[in-house]
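Some notes on the structure that comes next.
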Amino acid sequence: MTDKVNIALRVNGKSYAIAVEPRRSLADALREDCGLTGTHLGCEHGVCGACTVLVDGKPVRACLMFAVQVGETEVRTVEGLAKGEVLHPLQKQFWENHGLQCGFCTPGFLMLAAGALEADPDISDDELREVLSSNLCRCTGYQNIIKAVKLAAAEMRK
Amino acid sequence: MSWIGRSLPRLEDPALVKGAGNYVADVARGSASVRFVRSPVASGTILGVEKPDEGLVFTAADLDGVKGIKPILHRPDYVAIEQPVLPRDRVVFAGQAIAVVVAEDHATAEDLAEQVFVDIEPGDAALDVDLALQEGSPIVHEQASTNVLVEGKIRTSGLDAVLEQAAATIRMEIRSRRQAAMPLETRGGVAQYDRVTGRVTLFASVQMPHMLRTGIADVLGIPEADLRVVAPDVGGGFGQKMSLFPEYIILVWLARHLQRNLAWIEDRRENLMASTHSRDQAFTVTGAFSADGKLLGVDADMRSNVGAFSCYPVTCGVEPLMALAELPGPYAVKEYGARSRGVTTNTCMMAPYRGVSRPTLTFTMERMMDVAARRLGIDPIEIRRRNLVDTFPHRTPTGLIYDEGSYKATMESAVNAIDLPAFRERQKREWERGRYFGFGISVFNERTGYGTPAYAARGMDIVPGYEIVDCTMDPSGNVSVRIGASPHGQGLKTSLAQLVADELGVTPQMVKVISGDTDATPYGWGTFASRSMVIAGGASKLAAGKIASKLKVIAAAILESDPDNIDLNDGLAKIRNSNRSVPIAELARAAYHQSHKFPSVGAGLHENAIYDPAGTFSNASHASIVEVDVETGQVKIERFVVAEDAGVLINPMIVDGQIHGGVAQGIANALYEEIVYDDLGNCLTTSLADFLPPTMLEIPTIEILHSYTMSNASITKAKGVGEGGLIGAPASVINAVVDALSPFGIEIFEMPASPQRILDHIRGKRTA
């Protein structure tokens, strides 16, 4: 298992030439090899969703995907959400509406929501709740997360 | 302009939403990886540990001179058990670390750990709290003659008489199943060795950094000055990250021994089986009521399963002694008897989890009120009205003093928000259509912000409670506040900045709160027990107040006025009722650079203050409406109303957030989460898919109503609010479930009331 494979990861529009063992998860590659530590690991079982990133626009558990599977796809992580100093509407609404407490689940929720809203800007409230129930938060009781995502959705539709 | 009372967006958040937070795993890059080899059995004798031919593997035999962890309570009924950092001879729970390996990266460390063979002769295990008390049960620790490690008792003189004469006695067997705090970030530490000084910096995901420094230094026999503990961004704690764990001691020992940087990031399986658990409690409780519904006395036998060891520093007394002292809660009861035991078993150690005992205590009292109401034919709200404390200060049979609260008023608010008469009409209609809706209420108070007197009364060898805060205004007029409290998601830096900003007349953005670094902050007790806003807040107010006094003296000298006539506001020191002012930044510069002009002030603006309050009681009432699906046992919460009173709210948005999160964990406690062991003591719930934390679909909208009782027990008038949501929610939800199922005549005294348990009750009634 220890032979490393050379791969090129495209993350947030930037290319990372890295050498990884085939067993290295995408999450570990992002964190350890690319230094993008905004993607968090809460369970490594694919349950909590803290490691959610977008792969070609689709939300993916980065703990359940191998880095070598990524291939030519475009990966997006929380670090790529803001445009320079300007926060993404989701980041802004999470901040203004107290959508986070310890902040550990936040990057995963942001990417999950970004994927859902980009795929369907007019997603219904029920569908949104259903999608957001993919991830776990232990601090907020989810109340302000759903509030922030709805407000961001409205802002993004403008 | 006042900053207190404003829902200021948190100063902590911009970094966190950008993924720029700095959690312990984020500082692990470049460190070698540490992995623990854990016991596969609950009880057994270690015959040997076979190490692979290559690789760094260490066992107890390598840890020369390392002492054990021995938490002390000064009580005659307490048996002090020493927890070895790594065991030499015996293992006492499945998951206990036996050996440790070091490798270049995490995956290689896991490979290496799998090559370590631990030869254990399994023994009999004591697992269940009541079986562990029976004659002939396996004894977990040979040093103790029984499995009882702590036992508190109280009995008022008139209890026997009221039990005998009561119009109704309600006897209940209450069971709370084992749960875990489950922060989303697991435990973890990174130990960095400094080759120049020989010092180790331990970054760790913890709630009590100073306590960890003391504990590790004691066990390793090194000066505290050789160790710096840093709690970086911490991904939740809820009590699970308070204790001194063997893993951190070993990390520091290894860093010193190997002279290199090392990281241990716990995985979720370890977290669920080998960090800490809580709430494994069994109570036998009898309430004695008069015919008109007055609670005359309570008699309780309470057993708490404290697991294999006693947690440091709060000890295994934390759950049983809290239960002993606080069972009556918000209800005035004159006669009280209780025996409360902490029982050791071959299971993971118990440690505080948000609410500590009080979710079970509130569940007990609130179930008792509903059962008594039904038995006596009194409305459940009315029976509570007749028993809630309404004159303050109130002294309980165990000697607690309740400061001003609004116990009845919050209950009435919660009930009014529900519109109970309309609900009762609807409930009947729905029953006729085969749908089962129920209403549940809970009322509780919560001791918060308690200082050394409360912990000393518990007999703790290490008495936490006070907080020291250092406050400095620098020559530019910006402020730094160094605190010993150690927030991990509570937004304390924002709340304290608002408080200090008001004292000093500056903006919160100008106030930097520094926490979680033993090199940079005064010795303190970290963040737990709903204490930080009250105690660190009080000390911050006092320290900032001292600086404000100095600023006023300087301003008065410059403006040729009297310090008592100066107000600090909006960045200006202003003579009251005039338009003459001087910028505060100018005063700050003068304090440092022209100090010779203000001899009574001295040089600079640096003050500290200590606050050590006796404690203050917040209170709340939770009302809920649920629907029970009698075919599946699923419960859907339709409404959840919290009417709470925590005095002054420094940042209402943050307070509401604490309540939302607490209620969600309370709903989880009521309906879903459970740590399950099999008959041999193997933990069966080792992933989040087994433990069942609720998602957004299970947690309803939480409606919050505030009351604001001003109590002199807190100098900021703020009461603690961290735990309340979790204390009240389980009782409210399960009372609602029982109410929904009242056509079946079902009583539930066990939580979580999982779908399976609810179905068993329904089937039991149907077959009967």
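Worth a mention:
- Sole residue being over 16 Å from B:Ala191 (Cα atoms) and within 25 Å of the chain's Cα centre (by Cα), chosen from B:Leu321, B:Leu244, B:Leu296: B:Leu321
- Of the strands (runs of 3 or more DSSP E) that lie entirely inside the range B:418-501, those containing 3 or more residues that are in contact with a helix residue (DSSP H, G or I) (Cβ under 7 Å, 6 or more places away or on another chain) and farther than 30 Å from B:Asp390 by Cα span B:467-473, B:479-483.
- Residue match in the range B:111-118 (condition: surrounded by 15 or more Cβ atoms within 10 Å (Cβ to Cβ), without any contact (Cβ under 8 Å) to a residue 24 or more places away in the chain and out of contact with any helix residue (DSSP H, G or I) (no Cβ under 8 Å at 6 or more places or on another chain)): yes
- The test for being under 30 Å from B:Arg213 (Cβ atoms), in a strand (DSSP E or B) and under 23 Å from the mean Cα position of the chain (by Cα) does not hold for B:Val314.
- Cβ separations smaller than 9 Å between residues 6+ apart or across chains give no pair from the range B:336-353 residues that are of a type in the set (Lys, Arg) to residues that are modelled with pLDDT under 95.
- When each of A:Leu36, A:Leu64, A:Leu54, A:Leu30 is tested for being closer than 28 Å to A:Val131 by Cβ, part of a strand (DSSP E or B) and either in contact (Cβ under 8 Å) with a residue 24 or more places away in the chain or of a type in the set (Ser, Thr, Tyr) (or both), the lone residue that passes is A:Leu54.
- Residue-level check: of (1) in contact with a Leu (Cβ under 9 Å, 6 or more places away or on another chain); (2) under 28 Å from B:Thr214 (Cα atoms); (3) of a type in the set (D, E, K, R), B:Arg531 misses just (1).
- Selected residue (criterion: surrounded by the fewest Cβ atoms within 10 Å (Cβ to Cβ)) from residues of the range B:329-348 that are of a type outside the set (D, E, K, R) and part of a loop (DSSP other than H, G, I, E, B): B:Ala332
- A:His88 under 28 Å from B:Pro652 (Cβ atoms) and either within 13 Å of chain B (Cβ to nearest Cβ) or not hydroxyl-bearing (Ser, Thr, Tyr) (or both): yes
- Whether a residue is more than 13 Å from chain A (Cβ to nearest Cβ), among the aliphatic types (A, V, I, L, M) and in contact (Cβ under 8 Å) with a residue 40 or more places away in the chain was assessed, and B:Ile746 does not pass this test.
- Residue satisfying all of: in the range B:684-695; within 16 Å of B:Gly666 (Cβ to Cβ) and at the interface with chain A (Cβ under 8 Å from one of its Cβ atoms); surrounded by the most Cβ atoms within 10 Å (Cβ to Cβ) among these: B:Pro693
- Some residue of the range A:125-147 being at the interface with chain B (Cβ under 8 Å from one of its Cβ atoms), part of a helix (DSSP H, G or I) and under 23 Å from A:Ala8 (Cα atoms): no
- Contact map, the range B:503-518: first residue surrounded by fewer than 23 Cβ atoms within 10 Å (Cβ to Cβ), second residue modelled with pLDDT under 95 and small (Gly, Ala, Ser), Cβ cut-off under 8 Å, separation 6 or more or different chains; the map is empty.
- Output for the range B:24-51, where each listed residue is more than 22 Å from B:Glu121 (Cβ to Cβ) and in contact (Cβ under 8 Å) with a residue 24 or more places away in the chain: B:Val24, B:Ala25, B:Asp26, B:Val27, B:Ala28, B:Gly30, B:Ser31, B:Ala32, B:Ser33, B:Val34, B:Arg35
The values are calculated or read from the model by the stated rules, or taken from the named source; none is laboratory data. Since we're looking at a predicted model, the values are computed, not measured. Positions of Cβ are backbone-derived with ideal geometry, glycine not excepted, and every protein chain shown enters the neighbour counts.
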